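Undergrad: Below is one structure. I have some questions about it.
Rule-based calculations on the coordinates, nothing more; no lab input. Keep in mind it's a predicted model, so treat the numbers as computed, not measured. Neighbour counts are summed over all protein chains in view; Cβ atoms, including those assigned to glycine, are modelled from backbone coordinates with ideal geometry.
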Amino acid sequence: MSAVDLARASWPDVAAKVREGTLAVLAIGACEQHGAHLPLTTDTDMSQGVARRIAQAIEALLLPPIAYGDAWTARSFPGTISISPRTLQALIEDIGHEVLRMGVKGLVLVNGHFGNREPMLLAARTLTEAGLPVCHLDYPGLERLAGEVCDSKPAAPHFYHADEVETAIMLSVAPEGVDMTRAEASYPSFPPTFGSEPMQLGDFNPSGVFGDPRPATAEKGEKLVAGIVRESLDVLGAWRVRHGI
């Protein structure tokens with residue numbers, strides 16, 4: 001039986017898939033600014049696009065994404081809606097307990113937003129202790145792939161936000177949300193204490209863009225997505241062997 005998308009499935013479809021024995025895939029995104037050329041749902045669109053391909057590859061249940069995350073650093077931009085790390089952790093845990101009750105064999109988390117990492121890891125620990133194996137994926141191999149595929153330099157090491165990387169991926173998975181006529185480059189100067197204290201990004205970067213999105217293309221985005229999925233499947237393969245699922 002192929003992958004089942006809960007956003008389009010009926011309960012008998014899900015019941016049949018669970019009887020077959022399956023994993024569930026859950027994307028975790030955010031609602032936060034991504035410059036003038038990308039939508040506020042960029043992190044959710046990207047993570048769900050990757051999660052969909054993973055679910056198809058392993059013939060799993062694709063859950064509706066979590067569309068809100070810990071986006072506190074972007075709260076100065078209108079449209080950003082941030083939830084607390086505690087709320088996000090609880091939401092992941094509640095969803096995990098529900099799929100465990102349903103009979104799902106394990107949960108795959110696909111994270112699309114940096115601020116979600118800590119609550120995701122804590123939720124994964126709690127769910128694993130409750131008997132649900134969890135594999136959390138954070139776009140494995142992205143830095144290497146970006147260096148191979150993209151032409152522009154990142155604004156900072158490991159920092160991809162509304163730049164060529166994210167814009168290219170969006171052109172691949174959700175092109176209807178991209179307006180390249182509004183794409184502009186921005187390479188702000190990071191404060192010396194960036195990463196060492198709580199900080200609003202808007203205080204030193206009013207555009208919200210970090211890097212140069214203008215060289216982005218759907219072809220580059222497809223290469224990035226395919227590479228992320230390939231790396232993710234390698235991790236998942238090892239994880240499934242470890243847990244016999």
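Undergrad: Pairs only if they're at least six apart or on different chains, beta carbon under 7 angstrom, first in segment 98-119 and free of Cβ contacts under 8 Å to residues at least 24 places away in the same chain and among the basic types (Lys, Arg), second in a loop (DSSP other than H, G, I, E, B) and surrounded by fewer than 21 Cβ atoms within 10 Å (Cβ to Cβ); list them, first residue then second.
TA: Arg117/Asp138
Undergrad: Do any residues in segment 14-39 that are farther than 13 Å from Leu63 by Cα and free of Cβ contacts under 8 Å to residues at least 12 places away in the same chain have Cβ atoms under 9 Å from those of residues that are outside any loop (DSSP other than H, G, I, E, B) and of a type in the set (A, V, I, L, M), where the two are at least six apart or on different chains, and which pairs are they?
TA: Filtered contacts from segment 14-39: Ala15/Met102.
Undergrad: Something else about it: Taking segment 52-96 as the search range and keeping residues that are more than 20 Å from Leu121 (Cα to Cα) and polar (S, T, N, Q), which one is surrounded by the most Cβ atoms within 10 Å (Cβ to Cβ)?
TA: Thr80
Undergrad: Which ranges mark the helices (runs of 4 or more DSSP H) fully within segment 130-245 that have 1 or more residues being surrounded by 14 or more Cβ atoms within 10 Å (Cβ to Cβ) and touching a strand residue (DSSP E or B) at 6+ places or on another chain (Cβ under 7 Å)? Walk me through how you get there before you give the answer.
TA: On the way: elements: 142-149, 164-173, 218-243.
It comes to 164-173, 218-243.
Undergrad: Considering only residues that are touching a Ser or Thr at 6+ places or on another chain (Cβ under 8 Å) and surrounded by fewer than 24 Cβ atoms within 10 Å (Cβ to Cβ), which ones fall in segment 36-49?
TA: Filtering segment 36-49 down to residues touching a Ser or Thr at 6+ places or on another chain (Cβ under 8 Å) leaves 36-38, 40, 49.
Within segment 36-49, Ala36, His37, Leu40, Gly49 meet the criteria.
Undergrad: Quick check on my filter: what residues within segment 18-34 are under 17 Å from His161 (Cβ atoms) and surrounded by fewer than 24 Cβ atoms within 10 Å (Cβ to Cβ)? Talk me through it step by step, then tell me what you get.
TA: Start the filter on segment 18-34 by keeping residues that are under 17 Å from His161 (Cβ atoms), which leaves 28-34.
Of everything in segment 18-34, just one residue is under 17 Å from His161 (Cβ atoms) and surrounded by fewer than 24 Cβ atoms within 10 Å (Cβ to Cβ), namely Cys31.
Undergrad: Looking only at segment 97-129, which residues are crowded, with 20+ Cβ neighbours inside 10 Å and not in a helix (DSSP H, G or I)?
TA: Here is the first cut: in segment 97-129, the residues crowded, with 20+ Cβ neighbours inside 10 Å are 99, 104, 106-113, 115-116, 119-120, 123-124, 127.
Result: Val104, Gly106, Leu107, Val108, Leu109, Val110, Asn111, Gly112, His113.
Undergrad: Can you say whether Pro133 is in contact (Cβ under 8 Å) with a residue 60 or more places away in the chain and more than 16 Å from the chain's Cα centre (by Cα), as far as the supplied structure shows?
TA: Yes; evaluated as a whole, the condition is true for this residue.
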